[in-house]
Amino acid sequence: MRLPSMQQIGREIRLIARRFPLVLLNVCIGTLAALLLAEHEGPGQPAGLLNIIMACALGFPLLLGLAVTAEKLRWSLLQRAISQAAGALLIVGYGLSLPGVIDGAPAIHPARFAMLAVALVMFLLVAPFPGSQEQKAFWHYGKTLVVRAATVLFFAGVLQAGFSLALLALDQLFGVDIPGKRYGELWIMIVGLFSTCFFMAGIPADLKALDKEDEYPKGLKIFAQYILSAVLLVYLVILYAYIAKIIVNWSWPKGWVSALILGFSVTGLAALLLLWPVREQAENRWGQLVWRRFFIVMIPVVIMLPLAVWRRISEYGVTESRYLLVVLSLYLALLVLYFNLSKTRNIKVIPALLGLFALLISYGPWGAFGISEHSQKQRLEHLLTANGLLSAGEIHKAATVVPDEAALQISSIIGYLHEMHGYGSIQPWFKEKLVKTSEQRTVRLAPGEVTKMLGIEYLRGVQGGFGDQRTLGSRERNVLEIAGYDRMIAGQFIGKETVLEPEESGLRIEPSADMGRVTLTWKGEQVPHEVLTFDVRPVVEKVYSRYGATNPEDIPEKELTIDASGSHYKARLRLRRILIEAKEQELKLVNYTADILYAPIPQP
């Protein structure tokens, strides 16, 4: 694989300008905006530049998809002009719909951007093949786009590394002052201009001719048969073993299993698409098996996924992540029904349905953001009313102590609204403004300031976390007290089978199998033998019972400090971050991060 020559690049750019003029203009505008943003050094972010970048990023697959579709379907010049103008208007409208300054705006905007990006990439993939035929041409077109994208990433990395090394040489060898931001601007130029143009140059001009294409890359077949198949088999065994456990124990599926189902589904669908051209070949038994059995195997999986998600929704309401899992359940269920009942089994349904769902849930009261915000607002309203903080649509300070569990849930919802949506939905309850203008910027009050208006402390708790895991820790990190010790290992991660042996002093640090103890052993030619043991479990159990439901990340440092001393050494273990699993009455230590201080004890 060789980098393209400058002459080849010039020819391809001229060809692109003729085939995709508006797409190229969109790319140039987005790249220029990114360069201006990278060059900006003043306070705050220039208004509108990031909006332009996000709009142009979405404009690339949209306008390119329209242009490729026009080529494939042989639209007239008028039809092409109208479609491109409509696409440009949609992109401009999207950019205008964004806040003036994206930096610091609610996370709903980048989240919606990601959904729209998925929808438009699927549009680029499917739009040139609107009918039910030409599956072969569609497959080779999709393969071309994927291979071209991978090639572009490789070439971009090579160019960035090469040019960056050249700039560094000018800086180090010739004394030319190269500001650090030049490297970022170089990457913007490579990604914004070279990569997009090189990608467009690889799109075949005659897509109909792909229907006669018979080439199937051997590397692709090996990847699908021997790599994806192994991963798929592992996922399958684990999932079915877990389903059997659920049936035997008659227990509710855990939310964590959603990640496993997602991995299994993505791997399986990727294998299906990659093996499609050779699915009927006699020597490709694996491809035949996947195509005949995968969507049958998926039936119990698509039943288990919504059950796992519903438990979280029933306890804590709808959020964007839970909503997406529900939509994923529906998407997979529809695929299972279609591929088990349909005779055509058109592979275009897989990306087309994904793109349609991604587009539909991006906007509207039925979308991920509308339903999630409404659900959390309702939960907050119920909690505030039940605890006497909201009546007749107005907020009142707490007259009595609000229970920790209620305060924790109120804090969690307010924190979620602050991060994801802003306070627009709950502003009518408050007399005070929850959003203020500072230096021509819109600034939302911190969640702690909002809960202070309610007369309760802002509590940083965890609702479920990743599976049953919780994080405990201390935020007192700015100044470390080291008096009395002459050595410190700062921020050391300690996990299962983690054995540390600092090069100097002959020290060995080793946790017990259950992570409940940490042993420090000095044993070397230059140091006296000493063994000090820190009992971590009692400390963790104590702080978890005291702070686990209220302030798990604001535990006082002194309560996370353990001292030990022997004949020759004294040491201190200062826990910073502790990852635990809380299952019913059992507390399991997963790993922790700690500062380890030690010093020799003066001998008489």
Q | Dipole magnitude (debye, nearest 20) for the chain, charges at Cβ of Lys, Arg, Asp, Glu | A | 2120
Q: State the Cα centre-to-centre distance between the stretch 141-160 and the stretch 100-139 in whole Å.
A: 19
Q) For the chain, what is the Kirkwood hydrodynamic radius in Å, using each pair of distinct C-alpha atoms? A) 29.1
Q.
Distance cut-off 30 Å, Cα to Cα: go down the list LYS143/LYS343; LYS72/LYS218; LYS221/LYS254; LYS254/LYS542; LYS181/LYS436 and report the pairs above it.
A. LYS221/LYS254; LYS181/LYS436
Q) What spacing in nm lies between the two simple spin-label points modelled at ARG487 and GLU215, each 7 Å away from Cα in the Cβ direction? A) 6.2
Q | Within the chain, helix-based [θ] at 222 nm, where runs of 4 or more DSSP H residues each add -39,500 (n - 2.57), nearest 500 | A | -18000 deg cm²/dmol
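Could you provide, to the nearest whole Å², the per residue accessible area of the stretch 358-458 with probe 1.4 Å?
Details: 5370 Å² over 101 residues.
Result: 53 Å² per residue.
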Q. What Kirkwood hydrodynamic radius, in Å, does the stretch 319-428 give when the mean of 1/r is taken over all pairs of distinct Cα atoms and then inverted?
A. 16.6
Q. Ignoring ligands, DNA and RNA, what percent of the accessible area of the stretch 221-298 is carbon or sulfur (1.4 Å)?
A. 72
Q) In terms of Cα to Cα distance under 18 Å, which aspartates and glutamates are near enough to LYS397, apart from those fewer than 8 places away along the same chain? A) GLU381, GLU405, GLU432, GLU449, GLU457
**Q.** Distant alpha-carbon pairs in the stretch 130-284 (separation over 26 angstrom), percent
**A.** 55
Q. The stretch 331-396 to the stretch 245-267: how many Å between their Cα centroids?
A. 21
Q) For the stretch 311-382, which trypsin sites (Lys or Arg not before Pro) are both in a DSSP coil and crowded by at most 14 other Cβ atoms within 10 Å? A) LYS343
Q. For the chain, what's the relative contact order in percent, using C-alpha pairs closer than 8 Å and at least 6 residues apart?
A. 10
Q. Relative contact order of the stretch 268-354: what whole-number percent is it, with Cα pairs under 8 angstrom and at least 6 residues apart?
A. 25
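The values are calculated or read from the model by the stated rules, or taken from the named source; none is laboratory data. Because the structure is a prediction, the values reported are computed rather than measured. Every residue, glycine as well, gets a Cβ built from its backbone with ideal geometry; the counts of neighbours run over all protein chains shown. Note: areas computed on protein heavy atoms with side chains; ligands, DNA, RNA excluded. Shrake-Rupley method; radii C 1.70, N 1.55, O 1.52, S 1.80 Å.
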